[in-house]
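Structure record follows, encoded as structure tokens.
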Amino acid sequence: MRLGLILDMDGVLYRGNRPVRGAGEVINLLKDEGIPFILLTNNSTKTPRMYRKKLLDMGMDVPEELIVTSGVAARLYMEKHMEPGKVFVIGGRGLHEEMEGLDWGTGSVEEARTGGWKEVEYVVVGLDPGLTYEKLKYGALAIRNGAAFIGTNPDTTYPAEEGLYPGTGAIIAALRASTGREPLIIGKPNEPAYEVAREKLDGVDEVWMVGDRLDTDIAFAKRFGMKAVMVLTGVSTLEEVENDPIKPDLILPSVKELSGYIRVRLEETR
């Protein structure tokens, strides 16, 4: 059976701008052994090109085409399953660039102020470091006017150097509360993200999902029949594992220990 890996990034390979010890070793091992892998993050604030630069700055060389964000997954899903229409984006630069890549037209807050929100057909929400009340207001107005409500991911928090910051799920919760509408969620643990991941790992028989969150990464692995590997350098804790019905197949202190398990797996197949 051919092994392939999906690795989360925030809380697995790094926290903020600080790499997790051993992350570079794992990436190099996968490349040296020719093991197919992708980096799949629910964070849509950056494009794959921007993430490649961030990883390079931390000593990890990953080709752009192997980096998949929830923004990329949203664009690919919308291209495949939806009709063109104007998009209002609540999110960071990465999500804006992905939605501009659809070439369907994106509405701005300035246009919304003069009634442009009435022409919006899709409100796409990601993590937005520059979130304002106006963005929420016009997003809610467009959704109430019939626009489709799309969330890039459900993460209520994300791990940074100072601790856990509010995530996309917190922004989605505000729009859900103010519109009474449920969004289509693209990222882990949902099928649109899996659809993209499987296309990238075509020909792989056995997939290991390596992540730090029970509710997204580990739930994603369990839902789609992957081996669930949880590291303790991000969001979820051992105490939460004990009290949660979702159980990882393997729990590691950090991604550093993953190298040994990969080497054992390779020996078993040789």
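Some notes on this structure:
- E83 vs. criteria of a type outside the set (S, T, Y) and part of a helix (DSSP H, G or I): no
- Here V124, V68 are screened, and the one residue that is more than 22 Å from G16 (Cβ to Cβ) and of a type in the set (A, V, I, L, M) is V124.
- Checklist (1) crowded, with 16+ Cβ neighbours inside 10 Å; (2) within 21 Å of T156 (Cα to Cα); (3) out of contact with any helix residue (DSSP H, G or I) (no Cβ under 6 Å at 6 or more places or on another chain) applied to I251, failing item: (2)
- Filtered residues of the stretch 153-168 (kept if closer than 22 Å to N17 by Cα and at pLDDT 90 or above): N153, D155, T156, Y165, P166, G167, T168
- Residue list for the stretch 57-73, filter: in a helix (DSSP H, G or I) and more than 10 Å from the chain's Cα centre (by Cα): D57, E64, E65, L66
- Test: A219 is closer than 19 Å to L30 by Cα and either among the aromatic types (F, W, Y) or without any contact (Cβ under 8 Å) to a residue 60 or more places away in the chain (or both): no
- Residue count for the stretch 217-257, restricted to those that are among the aromatic types (F, W, Y) and within 21 Å of L13 (Cβ to Cβ): 1.
- Applying a threshold of 7 Å to beta carbon distances and a minimum spacing of six or more residues, or different chains, the list of pairs starting in the stretch 257-270 at a residue that is in contact (Cβ under 8 Å) with a residue 12 or more places away in the chain and ending at one that is assigned to a helix (DSSP H, G or I) reads L258/V26; S259/E25; S259/V26; S259/L29; I262/L29.
- Those residues of the stretch 1-40 which are closer than 16 Å to L252 by Cα, in a helix (DSSP H, G or I) and of a type in the set (D, E, K, R), in sequence order: E25
- In the stretch 142-167, the residues that are over 18 Å from T106 (Cβ atoms) and either outside the structural domain of V120 (by TED's automatic domain parsing) or of a type in the set (A, V, I, L, M, F, W, C) (or both): A160, L164
- Every residue from the stretch 40-89 that is among the β-branched types (V, I, T), farther than 27 Å from G116 by Cβ and buried (at least 24 other Cβ atoms within 10 Å of the Cβ): T41
- Restricted to the stretch 157-258, the set of helices (runs of 4 or more DSSP H) holding at least 2 residues that are within 16 Å of the chain's Cα centre (by Cα) comprises 168-179, 191-200, 219-223.
The values are calculated or read from the model by the stated rules, or taken from the named source; none is laboratory data. Not measured: the values here are computed from a predicted model. Every residue, glycine as well, gets a Cβ built from its backbone with ideal geometry; the counts of neighbours run over all protein chains shown.
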